[in-house]
Amino acid sequence: MNFLEKLSNAVKVNNSLLCVGLDIDLSRIPKFLLNKEDPIFTFNRTIIDETRDLVCAYKPNIAFYEMYGMYGLESLKRTIEYIGEEIPVILDAKRGDIAHTASAYAKSIFENYKADATTVSPYLGHDSVEPFTEYKDKGVFVLCLTSNPGYKDFQILGDEEPLYRTVARRVKEWNKNGNCGLVVGATSANELKEIRNLVGEMPILIPGVGAQGGNLQFSVKNGVTKKGERAIINTSRSIIYASDREDYARSAKLFARRLKDEINSYRWQG
């Protein structure tokens with residue numbers, strides 16, 4: 001299956017638009033896990049075991065593994081392998097560079113780490129994104145309107161139209177292989193609706209629910225297609241750090257289930 005087929009299958013089987021972000025931080029995981037041979041993988045494995053029937057995707061952010069050097073990156077590879085073939089993995093890397101370098105990034109993410117999708121920056125233009133989209137069975141989520149406070153510095157500016165709208169239009173043009181998507185923060189619900197109308201059926205990865213304060217109801221209603229699909233609602237810290245005690249995996253499952261059910265209650269309200 002290509003990325004979109006894999007995503008659609010997981011959405012259908014698990015009846016879920018929830019994506020769990022696996023953003024590891026050894027200072028926040030339960031202390032008793034630090035005695036394990038590979039605390040990062042052990043933590044991720046138990047979170048995955050408890051949530052794999054509740055999600056449509058997992059999204060590890062590569063930075064949280066890179067900061068631990070080779071050990072962290074090996075744990076990342078083990079995590080992606082453990083997730084398996086049924087649920088897609090979006091490796092959040094936000095790469096963006098000239099074509100020659102972008103090709104190396106794409107090869108690393110898709111061939112070395114074997115991720116199903118990744119995130120990229122559009123700042124350098126189409127030739128910096130094309131090496132990723134050439135992997136026709138992989139998903140490529142282009143940053144469009146982010147959820148951080150500094151998004152106003154550039155993304156809503158423009159003489160004729162705001163930059164985020166230009167990005168959405170251009171990525172739709174670049175979507176010749178049908179594997180492009182956008183990243184749009186949950187903190188910009190009104191703009192999310194506008195972007196959905198611009199790009200039609202393209203998948204939209206929506207971070208910012210939970211710790212960043214995005215409105216879940218409006219994010220779901222404005223992010224889904226008419227079929228209640230193609231919105232990937234990502235939450236990281238609120239789920240995986242729901243508890244720092246021995247019940248951490250169970251607590252993550254309970255929080256994820258509540259969030260999944262709440263998302264589903266909004267899916268066909270548009």
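A few comments on the model shown:
- Listed by first and then second residue, the pairs with beta-carbon distance under 7 Å, at least 6 apart or on different chains, first residue in the range 54-73 and of a type in the set (Phe, Trp, Tyr), second modelled with pLDDT under 95 and surrounded by fewer than 19 Cβ atoms within 10 Å (Cβ to Cβ), form an empty list.
- So residue 47, is it among the β-branched types (Val, Ile, Thr), buried (at least 16 other Cβ atoms within 10 Å of the Cβ) and assigned to a loop (DSSP other than H, G, I, E, B): no
- Residue within the range 221-244 that is out of contact with any Pro (no Cβ under 9 Å at 6 or more places or on another chain) and within 15 Å of residue 164 (Cβ to Cβ) present: yes
- For the condition part of a loop (DSSP other than H, G, I, E, B) and at pLDDT 95 or above, residue 86 qualifies.
- Pick from the range 174-201, criterion touching a Cys at 6+ places or on another chain (Cβ under 7 Å) and among the aliphatic types (A, V, I, L, M), ranking: surrounded by the most Cβ atoms within 10 Å (Cβ to Cβ): 184
- Residue in the range 116-137 that is farther than 25 Å from residue 199 by Cα, of a type in the set (A, V, I, L, M) and outside any helix (DSSP H, G or I) present: no
- In the range 4-29, the residues that are small (Gly, Ala, Ser) and either in contact with a strand residue (DSSP E or B) (Cβ under 7 Å, 6 or more places away or on another chain) or surrounded by 16 or more Cβ atoms within 10 Å (Cβ to Cβ) (or both): 8, 10, 16, 21
- Scanning the range 2-43 for residues being of a type in the set (Ser, Thr, Tyr) and without any contact (Cβ under 8 Å) to a residue 24 or more places away in the chain gives a total of 2.
- Which numbered condition residue 202 misses (of (1) under 30 Å from residue 27 (Cβ atoms); (2) in a loop (DSSP other than H, G, I, E, B)): (1)
- Any hit, the range 235-254, residues being part of a strand (DSSP E or B) and either surrounded by fewer than 23 Cβ atoms within 10 Å (Cβ to Cβ) or among the hydroxyl-bearing types (Ser, Thr, Tyr) (or both): yes
- Screening 113, 105 for residues that are farther than 19 Å from residue 47 by Cβ and not acidic (Asp, Glu) leaves exactly one candidate, 105.
- Per-region count, the range 157-173, residues surrounded by 14 or more Cβ atoms within 10 Å (Cβ to Cβ) and in contact with a Lys or Arg (Cβ under 9 Å, 6 or more places away or on another chain): 0
- The range 91-128 - residue that is over 18 Å from residue 19 (Cβ atoms) and touching a Gly at 6+ places or on another chain (Cβ under 8 Å) and, of those, surrounded by the most Cβ atoms within 10 Å (Cβ to Cβ): 128
- Residue identified as under 21 Å from residue 65 (Cβ atoms) and hydroxyl-bearing (Ser, Thr, Tyr) among 133, 101: 101
The values are calculated or read from the model by the stated rules, or taken from the named source; none is laboratory data. Fair warning: this is a prediction, and the values are worked out from it, not measured in the lab. Cβ: placed from backbone, ideal geometry, glycine included. Neighbour counts: every protein chain shown.
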